[in-house]
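Colleague: I'd like to ask some things about the structure below.
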Amino acid sequence: MKSKRTWAVAAVLLTAASWTLSGQGQPVTYERLLKADQEPGNWLMYSGTYSGWRFSKLNQITAQNVKNLRVKWLFQGRHIEKFETTPLVVDGVMYLTRPENAIYALDALTGRQLWTYEYRNPERTYNCCGKNNRGLAILGTTLFMNTLDMHVIAVDAKSGRELWKTKMFDHAEAGGYAATGAPLVVKDKVIVGMAGGERGVSGFLDAYDAKTGKQAWRFNTIPQPGEPNFGTWAGDSWKTGGASTWNTGSYDPDTNTLFWGTSNPWPDYNDDARTGDNLYSCSVLALDPDTGKLKWHYQFTPHDLHDWDATQNPVLVDTEFLGQTRKVLAWPNRNGFFYLVDRTNGKFLSAKAFVKQTWNDGFDFENNGRPKLVPGNDPTPEGNDKVWPGIDGGANWMSHSYSPLTKLLYVFAREERRVYTKNAIQHPTTDPAATPQAPNAGPVGGRVRGGYDDCLVVGIDCNKRLAQFAPEESFGKAIAIDPATGTTKWEHPVLSPPWGGLMSTAGNLVFGGTIEGVIFALNATTGERLWYFSSNGPVYGTAISYLADGKQFVSIPAGDLIVTFGLD
Amino acid sequence: MRHAFWLLSVAGFLTVGLSAQAPQNPALAGAATAPIPDVNPFTSESDVRAGEALFQTHCSYCHGSFGEGGRGADLTAGVYRHGGRDPELYASVRNGIPGTEMAPVRVSDDDVWRMIAFVRRLGSRGMLEKAPGDPEAGRLVYQKSGCASCHRIESDGGNLGPELTDIGRRRGLKFLAESLVTPESNIAVAYRAVQVVLKSGQTVTGMRLNRDDVSIQLRDTRDNLRSFLMQNVAEVRYDKPSLMPAYASMNPKDLENLIAYLHSLKGTL
């Protein structure tokens, strides 16, 4: 209670301080990024803070008054893709990315446009799931964005003018590369991931000098010949093994460690040619952000056969575990388990399922938590429909949120199963003649399709794909997990498996949105829905909160809109 | 965007297909099947003048009276996003650009070509003349006069005034001279100064970035992005539309050299 009051006072003080700064162009230094939690009026990085909490200390909007929340303004993207972006807010200016790599600077109070930057991608890009972008990073007065055609761009936050542009990799190599996640700035470097795990790429994580755009380091997520763990791939399978880094990581300044999750190994559902653990796919990497050197790794799903990427945003929590306070990664994984991993050394502590699962029969503590497998869960040529969770996982890329007030981790989980089919291996190609369908079509081999994206992107008959299972077998739920025990404290079910994440606030609220477009606020303690708004656009993103003119706002993408709410 | 691309592709395919078939199929004959010339057939001086008049009627609302852009693209750089070959420019004007606010222009085909002749001229003003002054001496005048505090060349300089990296390609000598001596004679919409008088009595001056009935946004003279709700604003004034000082009293030699320097800035295409 004491800490709540202290924070309330701090928030009021900061409110005044931060609005005094509004528009005054103070650079966002690394020190400000380190203390982003002390500027609740701003949203300075993808997850809000380096800890990955996506928690706002703002408390003007509360469980008591949230019923009065109303739309303050809309931003109309006017594009076909849905927004997946997390905007940044710096001293009254909102910066957001539009699909296909445009940047908009908006007045955070009214949504009015201040400037735009438009990047021109080539006609053919090789993104799996829409021409999306999830956001920006900022350092000083420079914004950073990565592009569908594998460039990193630095743009002046005051004018929208391009400062530098660096090519990460040839986007048409192998089956095709893309970069869709939000970069993360650590010290003077911009850390950038890449996508293509379904296209037989070779994964890496890059760091670029924020001033010059010069590459500082590259970590190959698949060990190269001579490196440790190289032998975890049969034959030449390592060359096209995927293990991409398509979401955003987190950073622990206390131990100077960067945490970043990796994607599935390729081919997703056919392991004939890739016997072995396939490191470092489906893993969390703990890296030195200065050098890119690997400190340790933990592989959630060795030798994955279900596309269970470990690309979730890492959440850094200090929690009680067996009577001791431990520095952990609290990690609801796509494979349906909630993990605690000691973030100082990679030691597996515990794992507990948060959705229905059929594949796991416990964890081998002698072998740092290696999962024990249940037979019968592999993909089959005729299609295996007895596997939970589904291809899109119990959790996916959507943000989780941790509230230090309730000490609960909020997860927007997916309960579903799908058909896992083992197809013949066909390496995706970027040859236009071989893939004459839509330029951004997904993989051409070895993947069972059937999501929202697929219907839009490649013209799959959605009715056939999505109606395979009874509604009660496929739904979503916002849940509150006690990280110490992995126990689910409450659950708020929603109609369909979600593609949006959750944000919690000091107003004891949890914000999110469903695929049908219902934007909601839940009581963070009980899970009770206190307010909703029917946006009628699928929510493929996560809310943020900020101050404009001293008042708390909540912004969330819905379809091609950014919807911003506030009290009167 | 993707749909627009497909539509364009399909449209392109149909056009090509129809053109190829036209000689064999009289039913398909007509204006739509006439091949588009590879080179603008209307480029005489009188065509350019006629094109300018048409431009002011049909294009300047979005592209600016001087082609400087605004709601529409800046046409002074000679760089065209949707294709810079004559037939591509023709298609953009004739058919509009799907997925954008650029609508088809309702004039005759010949007049479309005349407009393109003028647009071409807009994009190469600076290439047609030779400046009399000394560009190197002008560079020193530029530095001494503090131009870089508002204008940018390449990566150096401020955001308050238009970028000058390729101003020598975009603009002719007369325009450059006018802009220096009487800056208020030619102001691009994006650089119109505005004075926001707040009810508190404070006046904030800057470049107008955006405005609607309830708010106004500007870049203030310290290069900060600002926004004001109209409920807090007493008055919005445009009585000093340019923030640029007039250099009418500059030593004529310095002025000539400065113009020569600006004229030498061609950027990189």
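The values are calculated or read from the model by the stated rules, or taken from the named source; none is laboratory data. It should be emphasised that the depicted structure is a prediction, and the values quoted were computed from it without experimental measurement. Here the Cβ is made from the backbone with ideal geometry for all residues, glycine too, and neighbour counts use every protein chain on show. Heads up: the accessible areas ignore ligands, DNA and RNA and are worked out on the full protein's heavy atoms, side chains in. Shrake-Rupley method; radii C 1.70, N 1.55, O 1.52, S 1.80 Å.
Colleague: Scan the range B:194-225 for residues that are within 7 Å of another protein chain (Cβ to nearest Cβ) and at pLDDT below 90 and jot them down.
Modeller: Result: B:223, single match.
Colleague: Right, here's the next one. If residue A:173 satisfies all but one of (1) more than 17 Å from the chain's Cα centre (by Cα); (2) farther than 30 Å from residue A:26 by Cα; (3) at pLDDT 95 or above, what's the number of the condition it fails?
Modeller: (3)
Colleague: Now, a different point. Check the range B:165-181 and report whether any residue there is out of contact with any helix residue (DSSP H, G or I) (no Cβ under 7 Å at 6 or more places or on another chain), at pLDDT 90 or above and among the hydrophobic types (A, V, I, L, M, F, W, C).
Modeller: yes
Colleague: So which residues in the range B:196-216 are in a loop (DSSP other than H, G, I, E, B) and charged (D, E, K, R)?
Modeller: B:199, B:212, B:213
Colleague: Does any residue of the range B:228-238 turn out to be over 15 Å from residue A:113 (Cβ atoms), touching a Lys or Arg at 6+ places or on another chain (Cβ under 9 Å), assigned to a loop (DSSP other than H, G, I, E, B) and of a type in the set (Ser, Thr, Tyr)?
Modeller: yes
Colleague: Can you tell me which condition residue B:137 does not meet? The list is (1) part of a loop (DSSP other than H, G, I, E, B); (2) over 22 Å from residue B:187 (Cα atoms), and all the others hold.
Modeller: (1)
Colleague: Considering only the range A:93-117, how many residues are modelled with pLDDT of 95 or more, in a loop (DSSP other than H, G, I, E, B) and at the interface with another protein chain (Cβ under 7 Å from one of its Cβ atoms)?
Modeller: Going through the range A:93-117 one residue at a time, the tally reaches 3.
A quick yes/no check of all residues on (1) open to solvent by 10 Å² or more (accessible area, probe 1.4 Å); (2) of a type outside the set (A, V, I, L, M); (3) within 20 Å of residue A:300 (Cβ to Cβ):
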{"site": "A:210", "(1), (2), (3)": "yes, no, no"}
{"site": "A:225", "(1), (2), (3)": "yes, yes, no"}
{"site": "A:234", "(1), (2), (3)": "yes, no, no"}
{"site": "A:247", "(1), (2), (3)": "no, yes, yes"}
{"site": "A:256", "(1), (2), (3)": "yes, yes, no"}
{"site": "A:268", "(1), (2), (3)": "no, yes, yes"}
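Colleague: Still on this model: Looking at the range A:165-174, is at least one residue open to solvent by 10 Å² or more (accessible area, probe 1.4 Å), in a strand (DSSP E or B), within 14 Å of chain B (Cβ to nearest Cβ) and not small (Gly, Ala, Ser)?
Modeller: yes
Colleague: Go through the range A:352-371 and give me each residue that's more than 27 Å from the chain's Cα centre (by Cα) and under 28 Å from residue A:498 (Cα atoms).
Modeller: A:361
Colleague: Something else about it: If we scan the range A:112-134, do we find a residue that is surrounded by 21 or more Cβ atoms within 10 Å (Cβ to Cβ), small (Gly, Ala, Ser) and farther than 20 Å from residue B:217 by Cα?
Modeller: Within the range A:112-134 (the criterion being surrounded by 21 or more Cβ atoms within 10 Å (Cβ to Cβ), small (Gly, Ala, Ser) and farther than 20 Å from residue B:217 by Cα), the answer is yes, since at least one residue qualifies.
Colleague: Within the range A:118-153, can you find the residues that are within 11 Å of chain B (Cβ to nearest Cβ) and within 19 Å of residue A:210 (Cα to Cα)?
Modeller: A:141 - this is the single residue of the range A:118-153 that is within 11 Å of chain B (Cβ to nearest Cβ) and within 19 Å of residue A:210 (Cα to Cα).
Colleague: How many residues does the range B:177-228 contain that are without any contact (Cβ under 8 Å) to a residue 24 or more places away in the chain, among the polar types (S, T, N, Q) and over 30 Å from residue B:129 (Cα atoms)?
Modeller: 7
Colleague: Oh, and also: Please determine, by comparing only the residues of the range B:226-240 that are within 18 Å of residue B:161 (Cβ to Cβ) and more than 8 Å from every other protein chain (Cβ to nearest Cβ), which one is most open to solvent (accessible area, probe 1.4 Å).
Modeller: Of the range B:226-240, the ones within 18 Å of residue B:161 (Cβ to Cβ) are B:226, B:238, B:240.
Retained after the next criterion (residues that are more than 8 Å from every other protein chain (Cβ to nearest Cβ)): B:238, B:240.
On the way: B:238: 70, B:240: 96 Å².
Result: B:240.
Colleague: Quick one: how many residues across the range A:517-568 are among the charged types (D, E, K, R) and in a strand (DSSP E or B)?
Modeller: So the count comes out to 2.
Colleague: Restricting to the range A:92-102, what's the tally of residues that are touching a residue at least 40 places away in the same chain (Cβ under 8 Å) and surrounded by fewer than 24 Cβ atoms within 10 Å (Cβ to Cβ)?
Modeller: Looking only at that region, the number is 1.
Colleague: Can you list residue pairs whose Cβ atoms sit under 6 Å apart, with the first residue in the range B:104-116 being open to solvent by 20 Å² or more (accessible area, probe 1.4 Å) and the second being aliphatic (A, V, I, L, M)? Count only pairs 6 or more apart in sequence or on different chains.
Modeller: B:111/B:54; B:114/B:50
Colleague: Condition first: at pLDDT below 95 and open to solvent by 10 Å² or more (accessible area, probe 1.4 Å). Can you find one or more residues in the range A:515-524 that meet it?
Modeller: Scanning the range A:515-524 turns up at least one residue that is at pLDDT below 95 and open to solvent by 10 Å² or more (accessible area, probe 1.4 Å).
Colleague: Is it fair to say residue A:238 is in a strand (DSSP E or B), open to solvent by 10 Å² or more (accessible area, probe 1.4 Å) and not charged (D, E, K, R)?
Modeller: On the way: in a strand (DSSP E or B): no; open to solvent by 10 Å² or more (accessible area, probe 1.4 Å): yes; not charged (D, E, K, R): yes.
So residue A:238 fails the test.
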